[in-house]
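Novice: Here it is, the structure, as structure tokens.
The values are calculated or read from the model by the stated rules, or taken from the named source; none is laboratory data. Since this is a predicted model, take the numbers as computed values, not measurements. Cβ sites come from the backbone with ideal geometry, for glycine too, and all protein chains shown count toward neighbours.
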Amino acid sequence: MEQGNVIHETSRLRLRELGDADAAFILELVNEPGWLRFIGDRNVHSLEDAKGYIARGPAASYAKHGFGLWAAVLRASGVPIGMCGLIRRESLPHPDLGFAFLARHHGHGYAREAAAAVVELARVRYQLPRLLAITEPDNAASQKLLQLVGFHHERNFVWPETGTEQALYAQGLE
């Protein structure tokens, strides 16, 4: 598989930019029940839709902000298992941590490893003073992961993009 720019490596994972070669992986990830339940339907139903999602989302963010959602791939095999990175939304005052992993890779600590790496990148490479994260109020697994990598619950709020209640987590990085 074609590889995008490598952003960071951990003991088991490589974080790299997403590209067109990741379309089949993205198509699978964004249509998993957990994604649909906790993140929402992104109307990605074909490889072309997936390429468009990558171009309009992660790739556009790399160009505009120098960061975005990155593929989390197993170092040993190069197989993508999830994505994790930084998102800059107009509706939030600071970038937020985003992550999603294929269900078959849950329970191995990969999301925690990737999230901890991205928090460190936010602090050291991007010198962000503060990092946010948002979850559905009943997404206990994501909230536990956020707490493990240093976030605390600030408040619940109504997400302007969807009109739904979300839980806001934050941490200062200075």
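Novice: Any residue at all in segment 31-46 that's farther than 23 Å from residue 163 by Cα, part of a helix (DSSP H, G or I) and either over 14 Å from the mean Cα position of the chain (by Cα) or modelled with pLDDT under 95 (or both)?
Specialist: No, segment 31-46 contains no residue that is farther than 23 Å from residue 163 by Cα, part of a helix (DSSP H, G or I) and either over 14 Å from the mean Cα position of the chain (by Cα) or modelled with pLDDT under 95 (or both).
Novice: Can you find a residue in segment 50-66 that is surrounded by 15 or more Cβ atoms within 10 Å (Cβ to Cβ), within 25 Å of residue 149 (Cα to Cα), out of contact with any Phe, Trp or Tyr (no Cβ under 8 Å at 6 or more places or on another chain) and not acidic (Asp, Glu)?
Specialist: For segment 50-66, residues surrounded by 15 or more Cβ atoms within 10 Å (Cβ to Cβ), within 25 Å of residue 149 (Cα to Cα), out of contact with any Phe, Trp or Tyr (no Cβ under 8 Å at 6 or more places or on another chain) and not acidic (Asp, Glu): present.
Novice: Follow-up question, since we're still on this one. Would you check which residues across segment 121-148 are over 23 Å from residue 27 (Cα atoms), surrounded by 15 or more Cβ atoms within 10 Å (Cβ to Cβ), in contact (Cβ under 8 Å) with a residue 40 or more places away in the chain and not hydroxyl-bearing (Ser, Thr, Tyr) and list them?
Specialist: 121, 122, 123, 128, 131, 132, 145, 146
Novice: Could you run through segment 62-85 and say how many residues are touching a Gly at 6+ places or on another chain (Cβ under 8 Å) and either within 15 Å of residue 9 (Cβ to Cβ) or assigned to a loop (DSSP other than H, G, I, E, B) (or both)?
Specialist: Taking segment 62-85 first, the residues touching a Gly at 6+ places or on another chain (Cβ under 8 Å) are 62, 67-72, 83-85.
Keeping just the survivors that are either within 15 Å of residue 9 (Cβ to Cβ) or assigned to a loop (DSSP other than H, G, I, E, B) (or both) gives 67-68, 70-72, 84-85.
Of the residues in that region, 7 qualify.
Novice: Kindly indicate whether any position in segment 93-104 is over 26 Å from residue 173 (Cβ atoms), under 13 Å from the mean Cα position of the chain (by Cα), touching a residue at least 60 places away in the same chain (Cβ under 8 Å) and surrounded by 15 or more Cβ atoms within 10 Å (Cβ to Cβ). Outline the logic, then answer.
Specialist: Start the filter on segment 93-104 by keeping residues that are over 26 Å from residue 173 (Cβ atoms), which leaves 102-104.
Those left that are additionally under 13 Å from the mean Cα position of the chain (by Cα): 102.
With touching a residue at least 60 places away in the same chain (Cβ under 8 Å) added as a condition, the list becomes 102.
Still in the running and surrounded by 15 or more Cβ atoms within 10 Å (Cβ to Cβ): 102.
Within segment 93-104, one or more residues are over 26 Å from residue 173 (Cβ atoms), under 13 Å from the mean Cα position of the chain (by Cα), touching a residue at least 60 places away in the same chain (Cβ under 8 Å) and surrounded by 15 or more Cβ atoms within 10 Å (Cβ to Cβ).
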